[in-house]
Amino acid sequence: MAKLTGCYKKNAFFERDFPFFFKREIDRPEEFNENTRFKREFWKIVYIVNGRGEKIINDRRYPIRPGSVLLIHPNDETTYVIDGPGLEICNILFMPELVAADLPELEDDFNFFAVMEWNLPPDESRDERLHIFDGNREIHRLVRTMEQEYRQMPPNYRARLRWLLLELLILLSRNSNRRAKHRTAAA
């Protein structure tokens, strides 16, 4: 039986006045296993740069490969099963208040942005909370630009990071809406 191993605290990642953090890292198989789970006090977008395996989220398994994008809710218990020597990932950590002022203006036919709510119902609404996508060049470009902005900190980098995050969420929302329309049409 898997157990909750830890909860990542937002204070360890965010500056007090800017709830955003970006980190590229390599996760190794010895750091994760099926019997440990992690939660967090923030939302997380994971972009898989290189490597393969599975992301386990609330005891469900999802295949991941280069270009996979995952939007993880704080209440999700997660871990990896990593094939090979490691998984190169970009972690984009944030709090919804960073983009909250812009969310009401966005179209949301299939309730994608409900993922930004703390208190979502458990497993039965997993599709509204968990979003796994195949990335594309546009998403790859956005992630790379976010990384450069975060590392280099040019003038107005915080404003640009907020806009880039919002753009990324819009692209993920569009992808989610296409999948929901396809499911609705198939039903």
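Just a few scattered comments:
- Within the accessible area of the chain (1.4 Å probe), percent carbon and sulfur: 48
- Normalised by the number of residues in the chain, the average gap of Cα pairs under 8 Å and 6 or more apart makes the relative contact order 22 percent.
- Point-to-point label distance, Phe18-Asn91, nm (Cα→Cβ direction, 7 Å offset): 1.9
- The overall shape of the stretch 1-94 is oblate: from the C-alpha gyration tensor, with semi-axes ordered a ≥ b ≥ c, the ratio a/c is 1.5 or greater and a/b is no larger than b/c.
The values are calculated or read from the model by the stated rules, or taken from the named source; none is laboratory data. What you see is a predicted model, and the numbers here were worked out from it, not measured in a lab. Positions of Cβ are generated from backbone atoms using ideal geometry, with glycine treated the same way; all protein chains shown enter the neighbour counts. Just so you know, the surface numbers come from the protein's heavy atoms only, side chains and all, with ligands and any DNA or RNA stripped out. Shrake-Rupley method; radii C 1.70, N 1.55, O 1.52, S 1.80 Å.
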